[in-house]
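Student: Starting off with a structure, shown below.
Nothing in this text is a laboratory measurement; each read-out follows from the coordinates by a stated rule. Since the model is a prediction, treat every value here as computed from it, not as a measurement. Here the Cβ is made from the backbone with ideal geometry for all residues, glycine too, and neighbour counts use every protein chain on show.
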Amino acid sequence: MASVTLYTTDRCPYCVQAKKLLDKRGVAYEEINLARDPDGRSELVAKTGMMTFPQVLVGDELIGGYTETAAADKSGRLQELLAA
């Protein structure tokens, strides 16, 4: 199964929703909370060009925020990426 990285921050309802979705699907992920890890911000920008939260990466592929992750889950794309 591909590795999943979830960039989050504190007090972010979409971050909570993204974690719930991944947990519900039994997807293990590494959470990088940018409120507690200032170096993670530069890592996020370098990997994705984004500064919005949450951001979900499967391997090196950016899925996007919660809305995009939920859409990928619904379409089956998330499972395909995880299996690759």
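Student: Considering only the range 52-65, I want to know if a residue exists there that is part of a loop (DSSP other than H, G, I, E, B), on the phi < 0 side of the Ramachandran plot and more than 12 Å from the chain's Cα centre (by Cα).
Tutor: No: the range 52-65 contains no residue that is part of a loop (DSSP other than H, G, I, E, B), on the phi < 0 side of the Ramachandran plot and more than 12 Å from the chain's Cα centre (by Cα).
Student: Consider D73 carefully, then state whether it is in contact (Cβ under 8 Å) with a residue 24 or more places away in the chain, in a helix (DSSP H, G or I) and among the charged types (D, E, K, R). If you could, list the steps in order and put the result at the bottom.
Tutor: Working: in contact (Cβ under 8 Å) with a residue 24 or more places away in the chain: yes; in a helix (DSSP H, G or I): yes; among the charged types (D, E, K, R): yes.
Considered against the rule, which asks whether it is in contact (Cβ under 8 Å) with a residue 24 or more places away in the chain, in a helix (DSSP H, G or I) and among the charged types (D, E, K, R), D73 comes out as yes.
Student: Let me ask something additional. State yes or no: is E31 in a helix (DSSP H, G or I) and surrounded by 13 or more Cβ atoms within 10 Å (Cβ to Cβ)? Before you say what the answer is, go through the steps one by one.
Tutor: Numbers: in a helix (DSSP H, G or I): no; surrounded by 13 or more Cβ atoms within 10 Å (Cβ to Cβ): yes.
In short, no.
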